[in-house]
Amino acid sequence: MRQPLTQPRMIPHLAEFAAKMARAGMKPLVIETFGHYYRRLVGGESGLIHDADILPVQRAEIPRAADLTGYADAGRRALKQAVRIVLNGGLGTSMGLVGPKSLLNVKGRLTFLQIILRQAELASARIALMNSFNTHAATLSEITKLKPVRPPLFFLQHKFPKILQGELAPAHWPRNRELEWNPPGHGDVYAALYASGMLQKLLDEGVHYGFICNSDNLGAGIDEALLGYFAEKRLPFMMEVAEKTPSDVKGGHLARHRNGRLLLREAAQCPKEEIAAFQDIQRYCFFNTNNIWVNLAFLKELIVRERIIDLPMIVNPKTLDPRDDKSPPVFQIETAMGSGSLLFEGAAAVNVARSRFLPVKTCNDLLAVRSDCFVYSEREGLRLS
C-alpha cells in the first residue's frame, strides 16, 4: 500500500509544503498529489521522457473522425449523459491581458464565454467551467450579467507552491504572496473535479461522459459522432489528435509507452539532445488538440483506487516573479491532462479535422480570428471562410 504522501519521512521541507497548502485551503487529495511529485523531484527525477522509452504511433493505428459519422445517432442519444467541461483558468498574460481571456471580445461583440454558452444552449448540453483563483470572481460576475437560460456549473482549479531551485524549499515573496504559487497545469482538472465534489454531483445526475476543452478553442464542441463512438465503445479515455504540419513542430506529440499504453510527451518533457527527434513530424505525426473525452465513472474508480492522479510530471524552471529575471529561480510542478491516457487501460485516440483545433494563444491569433479569414455562425461555430 502506498504510504501517506503528506508525511515528511526524511524528505526536507515536505512538512512545510503540506502546512502551507493546508493553510491555503487545499484539499488532502491535492496535498498528497503535490507531495508525491515533490518526493520524485527530491529523488532526482526530472520528468523527462526519453525516446528509448516510447514508440511512435502510426497513422493506421488511429481511427479518423471522418469515418465515425455512423455513430452520430448514438451520440444524440447520449447527449443527456454528457457534459462539456471548459478550462477557464487563463488570464492571457502572454497577450498582455490582466483578466480572464474568455471575457475578451473575439468575434464582433461576442466573447469566448458568450459563444461557449450559446453553443451549449443550442446543443442542450450541460456545461461546467473550471475557473482558477484568478478568473473565478470576474467570470461569476459576467455570468450574472449574461443570465444564460441554463447557467453553467463551476469548480476551481487548484494551485501548487513554487519550489526554490537551490534548497528545494517553499518560495517566499512577501511583496506579492500570490507569486509563491503556480497553476498546476490543466492535468489538475481530474483532481479538481473529484476534490470539489463536482465529479460525484455529475454522476449522481446521470452524467457519465465528460468532454474537456480549452475556453480559447472555439473549434471545440460536443461532436455527436465522437460522443457516440466514445459511448458505444465504452472507452475510459479518448484524446482528439490531429496530424502535424511543419508549423506544429513545437507542440506535444502522441506516442506509445513501452507498456503499450498511449502517452503524451510535451516539449518540456523532451531531453534537449533529443529535440530533433521530437520535432520530426514523420516520426511523431500526431499532436494533442487538448480536446479530451473521459468516462467519469472510470475516473472516479481510478482516484478511489489509487488515491491520487499520478500523471507524468513536468518540471518547469522559472523565475519566482515571471516579470523579474533577477527574482529567485524556482521549479513549477505541472501536469498535462492529455497524459491521462497513460493511466487508463484501453485509452484511445481519434484523428480529427484541423477545424477542431482553433486556439487563440497570441495577439496574432486573435487578429486572425477577428478577421474575414474566419466566419462564425451559431449552428456551425467558428470556421475558416
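The values are calculated or read from the model by the stated rules, or taken from the named source; none is laboratory data. In this text the structure is predicted, and so the values were computed from the model without any measurement. Note that we place each Cβ from the backbone using ideal geometry, even for glycine, and neighbour counts take in every protein chain shown. Each accessible area value is taken on the protein alone, full model and side chains, heavy atoms only, with ligands, DNA and RNA left out. Shrake-Rupley method; radii C 1.70, N 1.55, O 1.52, S 1.80 Å.
Is it the case, given these coordinates, that residue 162 is at pLDDT 95 or above, among the charged types (D, E, K, R) and over 16 Å from the mean Cα position of the chain (by Cα)? Give the steps one after another, and end with the answer.
Details: at pLDDT 95 or above: yes; among the charged types (D, E, K, R): yes; over 16 Å from the mean Cα position of the chain (by Cα): yes.
Yes.
Against the condition at pLDDT 95 or above, of a type outside the set (D, E, K, R) and assigned to a helix (DSSP H, G or I), how does residue 235 come out, does it pass?
Values: at pLDDT 95 or above: yes; of a type outside the set (D, E, K, R): yes; assigned to a helix (DSSP H, G or I): no.
Answer is no for this residue.
For region 281-296, the condition holds for at least one residue, the condition being that it is under 16 Å from residue 245 (Cβ atoms), of a type in the set (A, V, I, L, M, F, W, C) and either without any contact (Cβ under 8 Å) to a residue 40 or more places away in the chain or open to solvent by 20 Å² or more (accessible area, probe 1.4 Å) (or both).
Checking each residue in region 352-385 for being touching an Asp or Glu at 6+ places or on another chain (Cβ under 7 Å) and buried (at least 18 other Cβ atoms within 10 Å of the Cβ) picks out 352, 356, 360.
Selection of first residues in region 315-338 that are on the phi < 0 side of the Ramachandran plot and of second residues that are charged (D, E, K, R) and open to solvent by less than 40 Å² (accessible area, probe 1.4 Å), restricted to Cβ pairs under 7 Å at least 6 apart or on distinct chains, gives the following pairs, ordered by first then second residue: 316/334; 320/162; 327/321; 330/162; 332/162; 335/188.
Go through region 327-385 and give me each residue that's aliphatic (A, V, I, L, M), more than 30 Å from residue 42 (Cα to Cα) and over 16 Å from the mean Cα position of the chain (by Cα). Spell out how you get there, then give the answer.
Of all residues in region 327-385, those aliphatic (A, V, I, L, M) come to 330, 333, 336-337, 342-343, 347-350, 352-353, 358, 360, 366-369, 375, 382, 384.
After this cut, where a residue has to be more than 30 Å from residue 42 (Cα to Cα) as well, the list is 347-350, 352-353, 358, 360, 366-369, 375, 382, 384.
Across region 327-385, the qualifying residues are 347, 348, 350, 352, 353, 366, 367, 368, 369, 375, 382, 384.
Just need a number here: residues in region 238-252 that are over 21 Å from the mean Cα position of the chain (by Cα) and either at pLDDT 95 or above or open to solvent by less than 10 Å² (accessible area, probe 1.4 Å) (or both). Here the count works out to 0. Among the residues of region 336-351, those that are open to solvent by 10 Å² or more (accessible area, probe 1.4 Å) and in contact with a strand residue (DSSP E or B) (Cβ under 6 Å, 6 or more places away or on another chain) comprise 342, 344, 347, 348, 351. Only one entry of 267, 255, 277, 220 meets the criterion of being open to solvent by less than 20 Å² (accessible area, probe 1.4 Å) and in contact with a helix residue (DSSP H, G or I) (Cβ under 8 Å, 6 or more places away or on another chain), and that entry is 220.
To keep it simple, each residue is scored yes or no on (1) open to solvent by less than 30 Å² (accessible area, probe 1.4 Å); (2) in a loop (DSSP other than H, G, I, E, B).
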| site | (1), (2) |
| --- | --- |
| 60 | no, no |
| 73 | no, no |
| 76 | no, no |
| 80 | no, no |
| 115 | yes, no |
| 119 | no, no |
| 129 | yes, no |
| 133 | no, yes |
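Just to be sure I understand, how many residues within region 149-165 are among the aromatic types (Phe, Trp, Tyr) and in a loop (DSSP other than H, G, I, E, B)?
Start the filter on region 149-165 by keeping residues that are among the aromatic types (Phe, Trp, Tyr), which leaves 154-155, 160.
After this cut, where a residue has to be in a loop (DSSP other than H, G, I, E, B) as well, the list is none.
The total comes to 0.
Per the listing 85, 49, 54, 116, the residue uniquely in contact with a Gly (Cβ under 6 Å, 6 or more places away or on another chain) and in contact (Cβ under 8 Å) with a residue 40 or more places away in the chain is 85.
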